[in-house]
1. If you check 43, 18, which single one turns out to be in a loop (DSSP other than H, G, I, E, B) and either within 18 Å of residue 198 (Cβ to Cβ) or not assigned by TED's automatic domain parsing to the domain that holds residue 193 (or both)?
2. Out of the residues in region 176-202 that are part of a loop (DSSP other than H, G, I, E, B) and touching a helix residue (DSSP H, G or I) at 6+ places or on another chain (Cβ under 6 Å), which is surrounded by the fewest Cβ atoms within 10 Å (Cβ to Cβ)?
3. Just one of 168, 230 is out of contact with any helix residue (DSSP H, G or I) (no Cβ under 9 Å at 6 or more places or on another chain) and in contact (Cβ under 8 Å) with a residue 60 or more places away in the chain; which is it?
4. Taking region 239-270 on its own, how many of its residues are touching a strand residue (DSSP E or B) at 6+ places or on another chain (Cβ under 9 Å) and either under 30 Å from residue 181 (Cα atoms) or in contact (Cβ under 8 Å) with a residue 24 or more places away in the chain (or both)?
5. Condition first: buried (at least 21 other Cβ atoms within 10 Å of the Cβ) and within 21 Å of residue 201 (Cα to Cα). Can you find one or more residues in region 94-102 that meet it?
6. Considering only region 41-52, state which residues are crowded, with 20+ Cβ neighbours inside 10 Å and either under 19 Å from residue 131 (Cβ atoms) or in contact with a strand residue (DSSP E or B) (Cβ under 9 Å, 6 or more places away or on another chain) (or both).
7. So if I check each of 111, 31, which one is in the same structural domain as residue 193 (by TED's automatic domain parsing), crowded, with 24+ Cβ neighbours inside 10 Å and over 24 Å from residue 147 (Cα atoms)?
8. Going residue by residue through region 212-234, is there one that turns out to be within 16 Å of the chain's Cα centre (by Cα) and surrounded by fewer than 22 Cβ atoms within 10 Å (Cβ to Cβ)?
């Protein structure tokens with residue numbers, strides 16, 4: 001059995017990305033029910049909001065799921081740690097910060113820990129600290145990104161050569177061919193965010209989903225380089241305005257105010273593309289439909305098997 005699936009007690013090696021404040025119990029439950037690992041993101045939400053999401057998720061699935069805590073994004077890290085312990089959440093993913101101070105406490109309560117990293121150095125440190133799994137996120141991924149700008153293609157084989165725990169590939173994966181490629185590179189599974197936005201169960205605005213379906217291969221943008229806060233988004237009117245302001249000398253404080261989770265919700269949940277932005281990975285160019293989660297996962301597994309067979313036949 002795939003060791004990632006064994007550690008997480010899931011059927012398929014497919015994990016949902018955290019998605020911050022726009023994550024929903026309905027989507028996470030659908031992913032877990034389909035055999036993957038659904039995830040609730042804490043983002044910048046309040047403790048009460050995340051508590052409610054976890055409670056709702058547990059009411060509609062009995063299968064394993066995860067909660068993502070972005071360490072340097074929220075002021076409530078300790079409170080969220082206590083919350084997941086209270087709810088007996090089976091898996092926690094820790095991103096955007098040092099996971100080391102929290103791993104042993106989570107292990108003491110039987111919780112598996114995924115560390116999301118973007119370099120070999122951080123992968124090795126996460127393993128030394130006791131992480132059960134590392135998600136290696138390449139620069140193709142959506143949302144807040146590593147300033148190191150390493151691609152998934154180069155990152156995965158370097159990390160798998162330096163750690164013994166299961167490695168999951170994130171960034172640039174949206175179909176079965178991407179899953180097969182990640183496995184060939186040495187990963188044991190994939191984490192996806194953008195592709196799961198364009199599913200029937202995702203409670204995002206239809207404009208967001210349609211924008212992903214319509215997107216070409218060159219329509220994601222990196223904003224924030226000049227202020228040291230790298231984020232990958234899908235181009236729209238609001239993003240065009242941000243790019244112009246950044247060229248004119250936007251400060252970090254101004255950039256942070258313009259890219260809050262509230263601004264993301266305006267685009268993602270309310271469909272307001274003039275006053276809000278939408279995160280997207282480069283995988284947007286591969287998306288051409290809005291299936292159910294189960295249809296997507298089953299299709300990916302079949303595509304991956306066919307891709308691996310075709311590759312073997314070529315050798």
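1. 18
2. Start the filter on region 176-202 by keeping residues that are part of a loop (DSSP other than H, G, I, E, B), which leaves 185-188, 193, 198-202.
Those left that are additionally touching a helix residue (DSSP H, G or I) at 6+ places or on another chain (Cβ under 6 Å): 185-188, 198-199, 201-202.
Working: 185: 19, 186: 15, 187: 28, 188: 20, 198: 25, 199: 21, 201: 21, 202: 22.
Ranking the candidates gives 186 first.
3. Working: 168 fails: out of contact with any helix residue (DSSP H, G or I) (no Cβ under 9 Å at 6 or more places or on another chain).
Within the list 168, 230, the selection yields 230.
4. Of the residues in that region, 7 qualify.
5. Pass one, region 94-102, residues buried (at least 21 other Cβ atoms within 10 Å of the Cβ): 94-95, 99, 102.
Now narrow it down to the ones that are within 21 Å of residue 201 (Cα to Cα): none.
Scanning region 94-102 turns up no residue that is buried (at least 21 other Cβ atoms within 10 Å of the Cβ) and within 21 Å of residue 201 (Cα to Cα).
6. If we filter region 41-52 for residues that are crowded, with 20+ Cβ neighbours inside 10 Å, which is where we start, we get 41-43, 45, 50.
Those that are crowded, with 20+ Cβ neighbours inside 10 Å and either under 19 Å from residue 131 (Cβ atoms) or in contact with a strand residue (DSSP E or B) (Cβ under 9 Å, 6 or more places away or on another chain) (or both): 41, 42, 43, 50.
7. Numbers: 111 fails: crowded, with 24+ Cβ neighbours inside 10 Å.
Checking each option against the conditions leaves just 31.
8. yes
The values are calculated or read from the model by the stated rules, or taken from the named source; none is laboratory data. All figures in this text were calculated on a predicted structure; none of them were measured in a lab. Reconstructed Cβ throughout: ideal geometry from the backbone, glycine too, with neighbour counts over all protein chains shown.
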